Amino acid sequence: MNTSEPGGQSASTSGAGVAVVFGAGGGIGSALLKILSESKRYEAVLGFSRATSPAIDLLDEASLAGAAQSAAAHGDLRLAIDATGFLHDANQLPEKSWRELDAAKLARAFALNAIGPALLMKHVLPLLPRYGKSAFVTLSARVGSIGDNRLGGWYAYRASKAALNQLVRTAAIELARRSPEALCIALHPGTVATPLSAPFATAGLKVQTPLDAAKHMLSVVDQLSAGSSGRFFDWRGLEIPW
Ligand SMILES: NC(=O)c1ccc[n+]([C@@H]2O[C@H](COP(=O)([O-])OP(=O)(O)OC[C@H]3O[C@@H](n4cnc5c(N)ncnc54)[C@H](OP(=O)(O)O)[C@@H]3O)[C@@H](O)[C@H]2O)c1
């Protein structure tokens, strides 16, 4: 097995079946979609975003249910990746101090980073095959680790990703009863050059291209088996403390 190549055949989620990327218009999501599409490993590779038809919006549960059903209509859902996420926009920047805490901004981060992905799991996990390897992967962030938090700041992003991690862990336990070979994991992509990270790039920080990050994460998913479900890994396959 060539673990550095997403095209390598291993404990694969492919062979037959469907791969789907939610958030396929984002920096990392579009790279995942490109690699998966070019790999020819899946019968069908689908991407959903706010710009596709059908579109998904994390704030609209029906759109998530519709996209999940639409993907499953193409065959066995073997790989589902949630590459959505929110850190900042014109109205909201990560907090540097508790003085900046704002109820509406906290709620927005939780809606996009935790509740939306939870509803996605609600509609995707029951569609994973009962037998054979399959994977639901959500992109979390190392800063969501409580054990690893040494710098503080970024309250809403950190806390909403920590909530996401707990939702992944909880869903993985339920999923194991239904689909014992399935994986449900949180993955940290590393620091990746995308619009999400751009304002925070600092000299000396190792920044990956979206294609490299996507390639690394797909290799990690290939190498993991069901015993790793419900856990939190980085792009190198190293476990991150909750
Ligand atoms: N880049 C990094 O350094 C880094 C580090 C750690 C973790 N992550 C995580 O990796 C994931 C992907 O981040 P990225 O760097 O690729 O960021 P990005 O380029 O900003 O992509 C974010 C994605 O989230 C989608 N999204 C945001 N709000 C949405 C909504 N209401 N409904 C549906 N989709 C929505 C965006 O969709 P549209 O295309 O429709 O806008 C976009 O596809 C995120 O979970 C992020 O937290 C990234």
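The values are calculated or read from the model by the stated rules, or taken from the named source; none is laboratory data. Just so it is clear, the structure is predicted and the values come from calculations on it, not from any experiment. We place every Cβ from the backbone using ideal geometry, glycine too, and count neighbours over all the protein chains shown. Just the protein is used for accessible areas: all its heavy atoms, side chains included, with ligands, DNA and RNA removed. Shrake-Rupley method; radii C 1.70, N 1.55, O 1.52, S 1.80 Å.
Among the residues of the stretch 143-154, those that are in contact (Cβ under 8 Å) with a residue 40 or more places away in the chain and farther than 20 Å from A118 by Cβ comprise G147, D148, G153, W154.
Which of the residues belonging to the stretch 216-228 are under 15 Å from G132 (Cα atoms) and under 14 Å from the mean Cα position of the chain (by Cα)? Across the stretch 216-228, the qualifying residue is only V221. Of all residues in the stretch 147-157, those satisfying the criterion of being buried (at least 18 other Cβ atoms within 10 Å of the Cβ) and closer than 12 Å to L101 by Cβ are W154, Y155, A156. Within the stretch 56-69, does at least one residue satisfy the condition of being surrounded by fewer than 16 Cβ atoms within 10 Å (Cβ to Cβ), more than 9 Å from the ligand (Cβ to nearest atom) and at pLDDT below 95? Looking for residues that are surrounded by fewer than 16 Cβ atoms within 10 Å (Cβ to Cβ), more than 9 Å from the ligand (Cβ to nearest atom) and at pLDDT below 95, one finds none in the stretch 56-69, hence no.
Conditions tested, residue by residue: (1) among the acidic types (D, E); (2) out of contact with any Leu (no Cβ under 6 Å at 6 or more places or on another chain); (3) farther than 17 Å from L164 by Cβ.
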{"site": "A182", "(1), (2), (3)": "no, no, yes"}
{"site": "G204", "(1), (2), (3)": "no, yes, yes"}
{"site": "Q208", "(1), (2), (3)": "no, yes, yes"}
{"site": "A213", "(1), (2), (3)": "no, yes, yes"}
{"site": "H216", "(1), (2), (3)": "no, yes, yes"}
{"site": "R231", "(1), (2), (3)": "no, yes, no"}
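Have a look at P129, P117, P94 and point out the one that is closer than 21 Å to L79 by Cα and in a loop (DSSP other than H, G, I, E, B). Of P129, P117, P94, the one residue that is closer than 21 Å to L79 by Cα and in a loop (DSSP other than H, G, I, E, B) is P129. Among the residues of the stretch 27-55, those that are farther than 21 Å from V192 by Cβ and either open to solvent by 30 Å² or more (accessible area, probe 1.4 Å) or under 16 Å from the mean Cα position of the chain (by Cα) (or both) comprise K40, E43, L46, T52, S53, P54, A55.
The set of residues in the stretch 120-155 being hydroxyl-bearing (S, T, Y), more than 17 Å from the chain's Cα centre (by Cα) and within 16 Å of the ligand (Cβ to nearest atom) consists of Y155 alone.
When the criteria are applied in full, K105 fails the requirement of being outside any helix (DSSP H, G or I) and within 25 Å of R158 (Cα to Cα). Considering the stretch 70-89, and only residues there that are more than 13 Å from the ligand (Cβ to nearest atom) and part of a loop (DSSP other than H, G, I, E, B), the residue that is least open to solvent (accessible area, probe 1.4 Å) turns out to be G75. The residues in the stretch 31-69 that are acidic (D, E) and outside any loop (DSSP other than H, G, I, E, B) can be counted, and the count is 2.
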